[in-house]
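Structure, as structure tokens:
The values are calculated or read from the model by the stated rules, or taken from the named source; none is laboratory data. Just so you know, these numbers come straight off a predicted model, no measurement behind them. Backbone-built Cβ (ideal geometry, glycine too); neighbour counts: all protein chains shown.
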Amino acid sequence: MSTTTTGSAGKVKVAKPTVASHIHDYIGRVRGGDIGSLAAVLGLVVLTLIFGVARPDTFFSELNFANLFAQGAAVCFIAMGLVFVLLLGEIDLSAGYTSGVAGAVMAVLLTKHGWSWPTAIGVALITGLVIGFVLGFLVSKIGIPSFVVTLAAFLAFQGVLLVLLGGGTNISIQNEFVLSLANNNLPVLWSWVLAIVIIAGFAAAQLIRVRGRASRGLVTDPMGIVAARVVGVAIVILAATAILTQERAINPAINSLKGIPIVVPILVVAAVIWTFVLGRTTYGRHVYAVGGNSEAARRAGIPVDRIRISVFVIGSFMAAIGGIVAASRASSVDPRSGGSNVLLYAVAAAVIGGTSLFGGKGRIIDAILGGAVIAVIDNGMGLMNLSAGSKYIFTGVVLLLAAGVDALSRRRAAATGNR
């Protein structure tokens, strides 16, 4: 809670809020419907405790902790792209099979045509960009609802996948670099360097944000709150790094397993880039504006059609990255790549993390938190030897709860004037 005072020169000064007033304001925002990612964080803590108690010997082991990153990485990448699409109140039902097609393109070029990994990965990423442009063009320029366009693509890409793979063929990937993306780890020293860089980067970003708001005469967070954020993040990252740098191989003499998985820094880089794009650029502000009210955005001079096309391009591009990571983890591509529960998990990750299905509200961190929740559910229920059907039912219930929380929070925000 902040107050304003008038100085001797007639200038309005904004009093700095205290830690107590900041906490009071946050509680007020939550009660007013602005819960952000709170539900996802609480859900993650509760699920971790449940599975930890049910399977203490395996769930909290170093090996399983590292497996969580490998299990959730592809879903997180796809969910990041879906955040952009959902921010406009649109949907992309083809994201899962887009990832499968991109992975298949890479695998075919690597194995059947002998291309180098940079070229094969580059073509796979371009495939994602082209798919996204076509989807966005059909939605924005032709006027076909995104549900229909992406449902048609969902069906068509299954056929494309079969054609690329020659029917029911399974293509094994032998390229060492591609396989390392989701299966190898950073050296222990570089793992600690990465952890320190992430902490330092987060602290710098927080301080830059405070200084930037202060320079514009805006209310800033109390330094006590900023310090608490940095310390909290540092504790989590250092604890995770300490666990991941422990030996987790069953037989270390044959194959040592230590260090942060290579996919983690890739995930961090993607998250930082897209967070910056959404939060610090004109383009990001335009995405939120179009998602909040497209007609008002159009009247304000924002190129709504271009924004709509661009979010589908970003969505399919990130799906392609997810497909490459998934192919790396499986060491192969088959006609089921990108199918089954991939789309369900990716959409669920974005929504569970806090991105609204109604558009206008969402952040990249939502995809990370939601992806972590999905990974914990999938991993924990697997350790408990529950059936695939039970996993689907439980994940569906969690998604329904997240959507319900979103709807209720929007209703509460509208009633309290906190839109």
(Q) Considering only residues that are in a helix (DSSP H, G or I), modelled with pLDDT under 70 and either β-branched (Val, Ile, Thr) or farther than 23 Å from Arg412 by Cβ (or both), which ones fall in segment 13-46? (A) Val30
Q: Examine segment 268-283 for a residue that is under 19 Å from Ala349 (Cα atoms), of a type in the set (Phe, Trp, Tyr) and touching a residue at least 40 places away in the same chain (Cβ under 8 Å), and state whether such a residue exists.
A: yes
Q. Within segment 177-207, which residues are surrounded by fewer than 16 Cβ atoms within 10 Å (Cβ to Cβ), within 22 Å of the chain's Cα centre (by Cα) and not in a helix (DSSP H, G or I)?
A. Asn184
Q. If you scan segment 214-230, which residues turn out to be farther than 16 Å from Ser21 by Cβ and either modelled with pLDDT of 85 or more or in a helix (DSSP H, G or I) (or both)?
A. Ala214, Ser215, Ala227, Arg229, Val230
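Each row is one residue, and each column tells you yes or no for (1) assigned to a helix (DSSP H, G or I); (2) of a type in the set (S, T, N, Q); (3) over 22 Å from Val264 (Cα atoms).
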position: Ala327; (1), (2), (3): yes, no, no
position: Arg336; (1), (2), (3): no, no, yes
position: Ser340; (1), (2), (3): no, yes, yes
position: Leu343; (1), (2), (3): yes, no, no
position: Ala348; (1), (2), (3): yes, no, no
position: Leu369; (1), (2), (3): yes, no, no
position: Ile377; (1), (2), (3): yes, no, no
position: Leu386; (1), (2), (3): no, no, yes
position: Ser390; (1), (2), (3): yes, yes, yes
**Q.** Meets criteria (assigned to a helix (DSSP H, G or I) and crowded, with 24+ Cβ neighbours inside 10 Å) for Gly322
**A.** yes
Q. Of the conditions (1) free of Cβ contacts under 8 Å to residues at least 60 places away in the same chain; (2) surrounded by fewer than 24 Cβ atoms within 10 Å (Cβ to Cβ); (3) among the aliphatic types (A, V, I, L, M), Ala375 fails just one. Which one is it?
A. (1)
Q. Within segment 318-346, which residues are within 30 Å of Ser409 (Cβ to Cβ) and modelled with pLDDT of 90 or more?
A. Met318, Ala319, Gly322, Ala346
(Q) For segment 47-88, give me each residue that is of a type in the set (A, V, I, L, M, F, W, C), without any contact (Cβ under 8 Å) to a residue 40 or more places away in the chain and in a helix (DSSP H, G or I). (A) Leu49, Val53
Q: Give me a count of the residues in segment 99-118 that are over 16 Å from Ser328 (Cα atoms) and among the β-branched types (Val, Ile, Thr).
A: 0
Q. So Ser390 fits all but one of (1) without any contact (Cβ under 8 Å) to a residue 40 or more places away in the chain; (2) small (Gly, Ala, Ser); (3) at positive phi; what number is the exception?
A. (3)
Q. What are the residues in segment 127-169 that are over 21 Å from Ile324 (Cα atoms), small (Gly, Ala, Ser) and surrounded by fewer than 19 Cβ atoms within 10 Å (Cβ to Cβ), if any?
A. Gly143, Ala152
Q: Considering each residue of segment 90-118, count those that are within 16 Å of Leu155 (Cβ to Cβ) and either surrounded by fewer than 20 Cβ atoms within 10 Å (Cβ to Cβ) or not hydroxyl-bearing (Ser, Thr, Tyr) (or both), and give that number.
A: 7
Q.
Kindly evaluate Gly96 against the criterion of being modelled with pLDDT under 95, within 20 Å of Gly338 (Cβ to Cβ) and part of a helix (DSSP H, G or I).
A. yes
Q) Take the residues of segment 347-362 that are hydrophobic (A, V, I, L, M, F, W, C) and under 19 Å from Arg308 (Cβ atoms): which is farthest from the chain's Cα centre (by Cα)? A) Phe358
